[in-house]
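Asks: First the structure, which I've put down as C-alpha cells, then a few questions once you've had a look.
The values are calculated or read from the model by the stated rules, or taken from the named source; none is laboratory data. Keep in mind that what you see is a predicted model, and the values were worked out from it rather than measured. Here the Cβ positions follow ideal geometry from the backbone for every residue, glycine too, while neighbour counts run over all protein chains shown.
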2 protein chains.
Amino acid sequence: MLLAEKKPYHHGDLREALLNAAEQALAETPLEQVSLREIARRAGVSHAAPKHHFGSLGGLFAEVAARGFQRFNAEMIAASARIHDDAPEAHLRAAIRAYLRFAANNRPAYGLMFGKRAEMENSPALMAAGAEAWTRLENDAAKIVGTIRAPAAALMIWSCSHGLAMLILDASLPPHLNVDASIESIATMVIAGLKAEV
Amino acid sequence: MLLAEKKPYHHGDLREALLNAAEQALAETPLEQVSLREIARRAGVSHAAPKHHFGSLGGLFAEVAARGFQRFNAEMIAASARIHDDAPEAHLRAAIRAYLRFAANNRPAYGLMFGKRAEMENSPALMAAGAEAWTRLENDAAKIVGTIRAPAAALMIWSCSHGLAMLILDASLPPHLNVDASIESIATMVIAGLKAEV
DNA sequence: TCTCCTAAGTTGACAATGGAAACATCATAG
DNA sequence: CTATGATGTTTCCATTGTCAACTTAGGAGA
C-alpha cells in the first residue's frame, strides 16, 4: 500500500468522466476511429464499464449529441437575447452567427448532432432537442416572412447555415475565402432571399 | 466436377465487381457497418482480394467517391446543356435541381463524396474532381453577380444546396415539407439573395 | 514451345474492436 | 446488520482491417 493512492473501486462520477473523455477523444481523433475501449481507457476504467451507463457506443455518442443540443439551444437563446434591435432581421443575423460560432467551437458534438450516425437513431432526447431547435427557428422566420411562409424560410436558413458549417468544418472551403466574411455575406444573402416572392 | 461450374481462379474484372458490390452494400447498409470483408463476400471473393486493387477500405471508398464525382460532373454539365434559356438564372436553377437530383439518386456515393471520411483523404483524383466542380460553379455564379462577387455567390449556392441535400438524405426534413417544392422555393430564394448588395 | 515473371487470388495469422456473461465490490435502505 | 441493486471488472466470442506467405494463371521473351 505504502503511499500509493488506492484506486477506489467506484469512480464516483464515471458517467460524466466518460462523456468528457469521449468529447476529448473526438476532438483529437477522427470520429470513425474513436472506440469505446479508447474512451474507457482515457477515463481509466475497464472497457466494459461504459455499458452500464450507456448501452453501447451508439448510446454514448447519442448522449454526447444530446448534451450538445442542450448547449446549442442555450447559446442560441442567449445570442438572441443579447440583440436589442427590434428588427427581426437583426435577430436572424445574430442567430446565423451564433449557429456557426457554435459549430466552430463544438466541432466534435456538432458532427454527432447533425451527422446522423445510424447507430444512435431513436434517442428520444435527441429528437426532442432537434425539434425544439427547429420550432424556434420557424418562429424567428415567421416574424420576417409571416406564418404561412415560415416553414420554407426556416428550411432556407437551416440549409444555408448547416451547409456552410459543413464546408467550414471539413475545411472544404476554398482557401481564398475568409471564414468570418463568408458568414456575414451569406447571412446578408439569406435575409435578402427570404423576402423574395415564392 | 460433374456439371458444377468451375470457378475460375481469376475473376476477370474484379475491380469493377468490387466497386459495384461496395455501392450496393452502401445502398443497403449504413456506411459505418459496411466492411471490406462484406464487400469481398458480395463479390464472391476472398477477404484479402480487394487489397490488390485498392490498398485498404479507405482506398476503395475513395474510388467510389471519385466515380461519383465523374458522374456528378457529367450530369451537371448535361443539365446545363439542356437549358436553352439565355438567362443565367435559368441555368442556376437547373444546376440546383440537378445537384439535388444527383444527391437523391446517388445516395451512397454522395455521402462518400462530401462526407469527408478521414481514411480517404489525399486522393488526388478526388481533390481534382471537387475542384473542377467548384470552378464550374464559380463561373456560373460570375454570370449573375460578376467576377468579383462570384466566390461569395458560389459559396452561397453550394452551402444551400449541400445543406438541403443533407437534410433531405438524412430525413431530417420536417415531415410537413414537400421535397420537390422545397427545392424550388430554395432555388428561388437563393437566386434572389444573390442579387443583394454585399 | 518452354520458361519465367508478375498480376491476381487465397489462406492463415494477428491485434483491436463491440458486445455478452459471469463475477466482484460497494453504498445504502430496511 | 444485512440483503439488494447499482457500479465495475474479467473473461470470452465473433468480427473486423491489415499483413505475410502461398498458389494460380496469363503472357512476354527466349
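Asks: Mind checking which residues of the stretch A:52-70 are surrounded by 15 or more Cβ atoms within 10 Å (Cβ to Cβ) and not aliphatic (A, V, I, L, M)?
Replies: A:His53, A:Phe54, A:Gly58, A:Gly59, A:Phe61, A:Glu63, A:Arg67, A:Gly68, A:Phe69
Asks: Could you list, ordered by first residue, the pairs with Cβ atoms under 7 Å in which the first is in the stretch B:22-39 and under 21 Å from A:Leu31 (Cβ atoms) and the second is among the β-branched types (Val, Ile, Thr), at least 6 apart or interchain?
Replies: B:Ala22/B:Ile39; B:Ala22/B:Val64; B:Ala25/B:Val34; B:Ala25/B:Ile39; B:Leu26/B:Val34
Asks: With the condition kept exactly as written, say whether any residue in the stretch B:166-188 is assigned to a loop (DSSP other than H, G, I, E, B), within 19 Å of A:Met156 (Cβ to Cβ) and in contact with a Ser or Thr (Cβ under 8 Å, 6 or more places away or on another chain).
Replies: There is at least one residue in the stretch B:166-188 that is assigned to a loop (DSSP other than H, G, I, E, B), within 19 Å of A:Met156 (Cβ to Cβ) and in contact with a Ser or Thr (Cβ under 8 Å, 6 or more places away or on another chain).
Asks: Pick from the stretch A:177-198 the residues that are over 21 Å from A:Asn139 (Cβ atoms) and at the interface with chain B (Cβ under 7 Å from one of its Cβ atoms): which of them is modelled with the lowest pLDDT?
Replies: A:Leu177
Asks: Just one of (1) at pLDDT below 95; (2) closer than 19 Å to B:Ala103 by Cβ; (3) loosely packed, with under 14 Cβ neighbours inside 10 Å; (4) of a type outside the set (Phe, Trp, Tyr) trips up B:Asn73, so point out which.
Replies: It is condition (3) that B:Asn73 fails.
Asks: Continuing with the same structure: Quick check on this structure: which one of B:Ala141, B:Ala171 is crowded, with 24+ Cβ neighbours inside 10 Å, more than 8 Å from every other protein chain (Cβ to nearest Cβ) and at pLDDT below 95? So that I can check it myself, show each step before the final result.
Replies: Details: B:Ala171 fails: crowded, with 24+ Cβ neighbours inside 10 Å.
So the residue among B:Ala141, B:Ala171 that is crowded, with 24+ Cβ neighbours inside 10 Å, more than 8 Å from every other protein chain (Cβ to nearest Cβ) and at pLDDT below 95 is B:Ala141.
Asks: A further question follows. I'm trying to understand the selection: among the residues of the stretch B:87-115, which are modelled with pLDDT under 90 and either among the hydroxyl-bearing types (Ser, Thr, Tyr) or buried (at least 19 other Cβ atoms within 10 Å of the Cβ) (or both)?
Replies: B:Phe114 - this is the single residue of the stretch B:87-115 that is modelled with pLDDT under 90 and either among the hydroxyl-bearing types (Ser, Thr, Tyr) or buried (at least 19 other Cβ atoms within 10 Å of the Cβ) (or both).
Asks: Then there is this: Kindly indicate whether B:Leu164 is surrounded by 18 or more Cβ atoms within 10 Å (Cβ to Cβ), in contact (Cβ under 8 Å) with a residue 24 or more places away in the chain, of a type in the set (A, V, I, L, M, F, W, C) and within 11 Å of chain A (Cβ to nearest Cβ).
Replies: So B:Leu164 passes the test.
Asks: In this structure, is B:His52 free of Cβ contacts under 8 Å to residues at least 12 places away in the same chain, closer than 30 Å to B:Leu14 by Cα and not aliphatic (A, V, I, L, M)?
Replies: Here the answer is yes, as B:His52 does meet what is asked.
Asks: Turning to a different aspect of this structure: Suppose we filter B:Ile157, B:Ile148 for residues that are more than 7 Å from chain A (Cβ to nearest Cβ) and either buried (at least 19 other Cβ atoms within 10 Å of the Cβ) or touching a residue at least 24 places away in the same chain (Cβ under 8 Å) (or both); which single one remains?
Replies: Selected residue: B:Ile157, the only one of B:Ile157, B:Ile148 that is more than 7 Å from chain A (Cβ to nearest Cβ) and either buried (at least 19 other Cβ atoms within 10 Å of the Cβ) or touching a residue at least 24 places away in the same chain (Cβ under 8 Å) (or both).
Asks: Next question, about the same structure. Name, by its number, the condition in (1) within 11 Å of chain A (Cβ to nearest Cβ); (2) within 30 Å of A:Ile144 (Cα to Cα); (3) under 20 Å from the mean Cα position of the chain (by Cα) that does not hold for B:Arg97.
Replies: (1)
Asks: Tally the residues that are away from every other protein chain (no Cβ under 13 Å), β-branched (Val, Ile, Thr) and more than 10 Å from DNA strand C (Cβ to nearest atom), restricting the search to the stretch B:26-63.
Replies: So the count comes out to 1.
Asks: Also, quick follow-up: Listed residues A:Phe114, A:Phe102; which is touching an Asp or Glu at 6+ places or on another chain (Cβ under 6 Å) and part of a helix (DSSP H, G or I)? Even if it seems obvious, please write down each step before you answer.
Replies: Values: A:Phe114 fails: touching an Asp or Glu at 6+ places or on another chain (Cβ under 6 Å).
None of the others qualify; the one that does is A:Phe102.
Asks: Report the residue count in the stretch A:20-38 for those that are touching a Leu at 6+ places or on another chain (Cβ under 8 Å) and within 12 Å of DNA strand D (Cβ to nearest atom).
Replies: So the count comes out to 2.
Asks: Would a scan of the stretch B:78-90 turn up a residue that is within 13 Å of another protein chain (Cβ to nearest Cβ) and within 14 Å of DNA strand D (Cβ to nearest atom)? Reasoning before the result, please.
Replies: Initially, the stretch B:78-90 is screened for residues within 13 Å of another protein chain (Cβ to nearest Cβ), giving B:89.
Within this subset, residues satisfying the condition of being within 14 Å of DNA strand D (Cβ to nearest atom) are none.
No, the stretch B:78-90 contains no residue that is within 13 Å of another protein chain (Cβ to nearest Cβ) and within 14 Å of DNA strand D (Cβ to nearest atom).
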